[in-house]
Amino acid sequence: MSYDSIIIGAGMSGLAAGIRLAYFGKRVCILERHTTIGGLNSFYRLRGRNHDVGLHAITNYAPPGGKKGPLNKILRQLRFQWEDFDLSPQCGSSVVFPGHTLRFNNHFDYFEAQIAAQFPRQIDGFRQLVSEIDAHNIGDLGQTWISTRARMADHISDPLLINMLLCPLMFYGSPSAHDMDFNQFVIMFRSIYQEGFARPYQGVRLILKNLVRKFKSLGGELKLRAGVKQLLIEGKQVSGVMLDDGQILEAKNVLSSAGSAETLQMCGAEVPQDDRFTPGDISFVETISVLNQQPKEFGHEETIVFYNESEDFYYEQSKEPVDVRSGIICSPNNFEYDRPLEEGSIRITALANPDFWMNLSEEKYIEQKQYWYDQILESSLRYIPDFRPHVLDVDVFTPRTIKKFTGHINGCVYGAPQKILDGSTPFNNLFLCGTDQGFLGIIGSMLSGISIANLHLLNPK
């Protein structure tokens with residue numbers, strides 16, 4: 001069987017690329033190894049309850065009727081209505097370090113006023129940094145890695161403010177330890193601070209189901225339980241794919257959301273000694289606690305809290321199984337819905353050590369998940385009222401879970417430290433979208449799929 005394009009992975013980027021190509025009459029097949037769609041942003045059912053996998057919040061929020069920003073570009077390119085995503089904005093979030101709390105919502109003026117109040121001597125430098133962010137062109141596909149910390153230090157002299165600004169952006173989008181690429185910083189700064197958080201009432205399921213429905217309505221094929229065992233190479237071209245069951249599918253082009261190193265491994269080629277194809281090692285453990293109360297009922301009203309126990313911020317692969325010095329507390333209940341969710345929920349995320357979690361026996365794995373669930377909750381109680389008496393059910397996922405369901409080496413959430421902005425690979429008709437292309441998050445992933453489809457598959461050079 002032959003296609004114009006085969007897309008590896010039915011996550012947000014793959015589905016968005018598939019829709020974009022199908023609109024132009026291309027014969028497209030999306031292949032997904034697992035039994036469900038979504039990749040890093042999927043959902044599952046456990047003990048009678050639905051859970052989102054990676055969704056804390058959708059970034060890049062834009063209210064109805066807007067015309068600017070990534071969300072509105074996606075709606076235009078995929079021909080969706082604003083109501084198809086059904087987004088409710090956040091109630092308000094915060095960054096908490098010793099002695100300082102910076103609050104933010106979906107109005108950037110409020111955040112700027114917080115910085116002026118907390119760091120009055122730094123506000124002019126902060127505004128200069130924002131001017132540089134506003135002028136930066138994230139669409140320049142030829143730019144190279146630039147240190148964000150160095151750029152920030154050109155404008156801001158207080159290392160505490162630098163760390164507080166970086167904390168949410170690194171937790172939600174940096175594949176690099178200690179620092180992040182300035183282009184990634186700009187993407188995340190705009191998406192979180194200048195645009196903001198929102199969430200569909202039904203969680204990520206609504207968006208995924210609408211993407212699949214539209215893709216199929218345009219004639220696209222989606223094959224589940226169809227993992228790619230090997231990409232078939234002829235010189236500098238990919239002629240097709242061999243599936244895990246031995247079936248061969250031919251294609252003029254292949255678009256992969258599996259990751260740069262992971263995709264090259266499918267080629268049967270050694271990963272080049274090139275930073276662009278070196279897998280990342282930043283991963284997380286996340287606890288999910290289902291509650292018998294809404295969080296507001298026991299005094300927690302914030303949407304997301306990013307916390308750190310010292311003025312120094314250590315964003316790196318944890319030396320311990322879990323680094324409880326910092327983390328993220330998210331309440332899916334605390335968005336401006338028109339009706340409350342049926343049950344309360346608290347999700348807490350912390351940096352983890354992938355090697356530790358990958359190599360445990362099943363018995364030890366279950367034991368360690370329970371132990372670190374307790375440790376993470378104990379650490380979080382400095383920043384949230386004690387909700388443990390209200391817990392009805394729990395789940396924990398780890399780097400081992402992430403690797404199992406995404407195939408990402410090391411269970412790395414944000415992929416390779418070096419992004420390949422133009423999606424190119426050593427093969428002429430094999431391209432990358434998603435995490436290792438460089439646009440992150442739910443909106444960013446869809447934008448990645450659209451952008452690479454437009455660049456290489458609809459407007460080939």
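A few remarks follow.
- Mean Cβ neighbour count within 10 Å, used as a protection proxy, ranking 241-252, 434-445 highest first: 434-445, 241-252
- Computed from phi, the 3J(HN,Hα) profile of the range 315-325 under the Karplus parametrisation 6.51, -1.76, 1.60 (θ = phi - 60°) reads 9, 6, 4, 5, 6, 8, x, 9, 9, 8, 6 Hz, with x in place of Gly and Pro.
- With helices as the sole contributors, the chain gives -9000 deg cm²/dmol at 222 nm; each DSSP H run of n ≥ 4 counts as -39500 (n - 2.57), and the sum is divided by every residue.
- Cross-link pairs beyond the 30 Å C-alpha cut-off, checked among K67/K229; K369/K419; K296/K369; K214/K252; K209/K252: K67/K229; K369/K419
- Isotropic mean projected area of the C-alpha convex hull, the range 360-461 (nm²): 9.8 nm²
- Note on the range 1-83: the C-alpha convex hull projects to 7.3 nm² when averaged across all orientations.
- Backbone geometry of the range 158-163 corresponds, through the Karplus equation with coefficients 6.51, -1.76 and 1.60 at θ = phi - 60°, to 3J(HN,Hα) couplings of 8, x, 5, 5, 4, 5 Hz, x marking Gly and Pro.
- Between amide H atoms placed 1.01 Å from N, distances below 5 Å from G196 occur with N60, Y61, all of them 5 or more places distant or on a separate chain.
- About its Cα centre, the dipole of the range 281-413 is roughly 300 debye, where the only charges are +1 on Lys and Arg Cβ and -1 on Asp and Glu Cβ.
- Backbone geometry of the range 417-428 corresponds, through the Karplus equation with coefficients 6.51, -1.76 and 1.60 at θ = phi - 60°, to 3J(HN,Hα) couplings of x, 9, 8, 9, 4, 8, x, 7, 9, x, 10, 5 Hz, x marking Gly and Pro.
- Amide H contacts of G240: L232, A251, each under 5 Å away and 5 or more positions distant or on a separate chain (H built 1.01 Å from N in the peptide plane; Pro and chain starts excluded).
- Along the axis of the charge dipole computed for the range 327-430 (Cβ charges of +1 for Lys and Arg, -1 for Asp and Glu, origin at the Cα centre), the listed residues P354, T401, N429 are led at the positive end by N429.
- Proxy reagent accessibility, fewest Cβ within 10 Å first, across S283, S157: S157, S283
- The listed peptides 262-268, 336-342, ordered by packing as a protection proxy, come out as 262-268, 336-342 (highest mean of other Cβ atoms within 10 Å first).
- Share of Cα-Cα pairs in the range 1-154 lying beyond 29 Å, as whole percent: 41 percent
- Size descriptors for the range 120-266, from the alpha-carbon set: Rg then Dmax equal 21.2, 64 Å.
- Shown here is the pair-distance distribution of the chain: with all Cα-Cα distances grouped in 10 Å bins from zero up to the longest one, the shares run 4, 21, 32, 27, 13, 3, 0 percent.
- Taking amide H positions as modeled 1.01 Å from N, with prolines and chain starts lacking one, the residues under 5 Å from S256 and 5 or more places away or on another chain are I8, F431, L432, C433.
- Relative to the 2.2 N^0.38 Å rule of thumb, the range 97-193 has a C-alpha radius of gyration ratio of 1.03.
- DSSP-defined antiparallel bridges as percent of all bridges, the chain, nearest 5: 70 percent
- Panel note: the C-alpha atoms of the range 281-413, placed on their principal axes, show extents of 42, 35, 25 Å (largest first).
Bear in mind that the values in this text are calculations on the coordinates, not laboratory data. Everything numeric in this text was worked out from a predicted model, so none of it was measured. Positions of Cβ are generated from backbone atoms using ideal geometry, with glycine treated the same way; all protein chains shown enter the neighbour counts.
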